[in-house]
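The values are calculated or read from the model by the stated rules, or taken from the named source; none is laboratory data. Predicted model only: the values in this text are computed from it and were never measured. With ideal geometry, Cβ positions are generated from the backbone for all residues, glycine too; neighbour counts draw on all protein chains shown.
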Amino acid sequence: MIITNAQIKIRSSAGYFDKLFLSNLSKKAFGSFGDYGEIVLKWFESEYSRTLIATYKEMPVGFAMLGKPDNRNDPDNSAELLAIAVVSEYSRLGIGSNLMKRIDKIAYEMGAKTLLLHTGVENKCAIKLFKNSGFKPWQIKNKFYPKGQDAFVMTKELNNL
């Protein structure tokens, strides 16, 4: 099966019927770090988050979630990429990169000057995606995740998107 970028659509908002997809994909993608099936749903239900859904033939195949950082050590005028994941059968098709571009634009339109994220220090695929999207390492947070792993905090300046 060959899938082109034109066949992948990105919905600018997620709804109630996306909750099961978000929870299940989060469990698969982030389960080694903690109970992210539940954590992502709490973020989704927060008034401070926005979720994009990537679809193929109207079926969800990925998502990205943007929010406001809750740590006072984070840069002012910033937004946070809370989570991004793509169903494994649809990985390496540019879906993650396209979701990142849309998140950048939305964060910039919300007035954010900096976009930040957390990712596991051993998550090489995610780190590569983020570096290719313009993120740079900022700091390491020791034992950041519920299961005790360390996280890179990465940041990106949002200029003229």
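Any residue at all in segment 12-22 that's at pLDDT 95 or above and in contact with a Gly (Cβ under 9 Å, 6 or more places away or on another chain)?
Taking every residue of segment 12-22 in turn, at least one turns out to be at pLDDT 95 or above and in contact with a Gly (Cβ under 9 Å, 6 or more places away or on another chain).
Within 22 Å of LYS143 (Cβ to Cβ) and touching a Leu at 6+ places or on another chain (Cβ under 7 Å): which single residue out of GLY37, GLY67, GLY62, GLY96 fits that description?
GLY67
If you check TYR56, TYR90, which single one turns out to be surrounded by fewer than 20 Cβ atoms within 10 Å (Cβ to Cβ), touching a Gly at 6+ places or on another chain (Cβ under 7 Å), over 30 Å from ILE140 (Cβ atoms) and at pLDDT 90 or above?
Unique residue meeting the criteria: TYR90.
Looking only at segment 108-139, how many residues end up being assigned to a loop (DSSP other than H, G, I, E, B) and of a type in the set (Val, Ile, Thr)?
1
Taking GLY94, is it touching a helix residue (DSSP H, G or I) at 6+ places or on another chain (Cβ under 9 Å) and on the phi > 0 side of the Ramachandran plot?
Criteria met by GLY94.
May I ask you to verify whether ALA54 is in a strand (DSSP E or B), out of contact with any Pro (no Cβ under 6 Å at 6 or more places or on another chain) and within 20 Å of LYS105 (Cβ to Cβ)?
Considered against the rule, which asks whether it is in a strand (DSSP E or B), out of contact with any Pro (no Cβ under 6 Å at 6 or more places or on another chain) and within 20 Å of LYS105 (Cβ to Cβ), ALA54 comes out as yes.
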